[in-house]
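The values are calculated or read from the model by the stated rules, or taken from the named source; none is laboratory data. This is a predicted model, so every value here is computed, not measured. Using ideal geometry, Cβ is built from the backbone for each residue, glycine included, and neighbour counts are taken over all protein chains shown.
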Amino acid sequence: MNGDGKAELELNSRGAPVSKSNQWPADRPACARLAIAMIACAVPMLSSAAGLGFLGNTPLSYFTAQDKQLISDTVNLVLADSNPATAREWLTSTDSYSGKYPGKYSGKVEGLGAFKSTDGLQCRKIRISTQAKGIESAAVHPACRTASDDWQLASGRTLEKV
C-alpha cells in the first residue's frame, strides 16, 4: 500500500500489471468492482451440487486477493484504453507470491470490440482468460459505460457492433 491507502501497481516489461501489495484498496473504483463481478460470474457456485464438484477445480479457486487484484487492474487498463481491441496479460510473481497455493498464475484480458446498447450506452465485450495449476478458463463479458463514467455488466441489454 502506498501513503494514500491504494495498492501499488507497476507494469512489467511486457506492460502487464504487477501488484506489490497483497491488500485490496478499500476505495477501489467501480471499474474494479465490475472486474470482481466478472471474475465471480466466471465460476458458478454450483460445486456443492451433486456431480458438479469439478467446478471447484478452476483457476479462481486458487487465486488470492493479490491475484484477483491483478485481474481487476488488468480489466481496468483494457477498459480505459481507447482501442476497444486492446489486450493485456498479467502474471503473478513468485518473488512476492505467498499464497496458499504458491506458483505462477497468469491470465489475459482482451477487448473484443466496441458496441452500443439499444439505450445508447458505449459498451465493450472483453474476454477474461485465466490459468492456474495447469487449469485454464475463459469467459466473455459485456460491459457498458454509464452516464457517471463507471463500467457495469451489460446484463439484459441488447448490444450492437459499432
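Suppose we keep only residues that are surrounded by 15 or more Cβ atoms within 10 Å (Cβ to Cβ) and among the basic types (Lys, Arg) within the stretch 127-146. Which one would you say is farthest from VAL75 (Cα to Cα)?
The selected residue is ARG145.
Having 3 or more residues that are among the β-branched types (Val, Ile, Thr) is the bar; report the strands (runs of 3 or more DSSP E) wholly within the stretch 112-162 that clear it.
122-132
Here are some conditions: (1) loosely packed, with under 14 Cβ neighbours inside 10 Å; (2) at pLDDT 80 or above; (3) in contact with a helix residue (DSSP H, G or I) (Cβ under 9 Å, 6 or more places away or on another chain). MET45 meets all but one. Which one does it not meet?
Status for MET45: all satisfied but (2).
Within the stretch 132-147, which residues are among the small types (Gly, Ala, Ser) and touching a Leu at 6+ places or on another chain (Cβ under 9 Å)?
Selection gives ALA132, SER137, ALA143, ALA147.
Count, please, the residues in the stretch 56-73 that happen to be surrounded by 24 or more Cβ atoms within 10 Å (Cβ to Cβ) and among the polar types (S, T, N, Q).
Counting residues in the stretch 56-73 that are surrounded by 24 or more Cβ atoms within 10 Å (Cβ to Cβ) and among the polar types (S, T, N, Q) gives 2.
ILE128 is checked against (1) over 17 Å from ALA85 (Cα atoms); (2) of a type outside the set (Ser, Thr, Tyr); (3) in contact (Cβ under 8 Å) with a residue 60 or more places away in the chain; (4) touching a strand residue (DSSP E or B) at 6+ places or on another chain (Cβ under 6 Å) and fails just one. What number does that condition carry?
All conditions pass for ILE128, except number (1).
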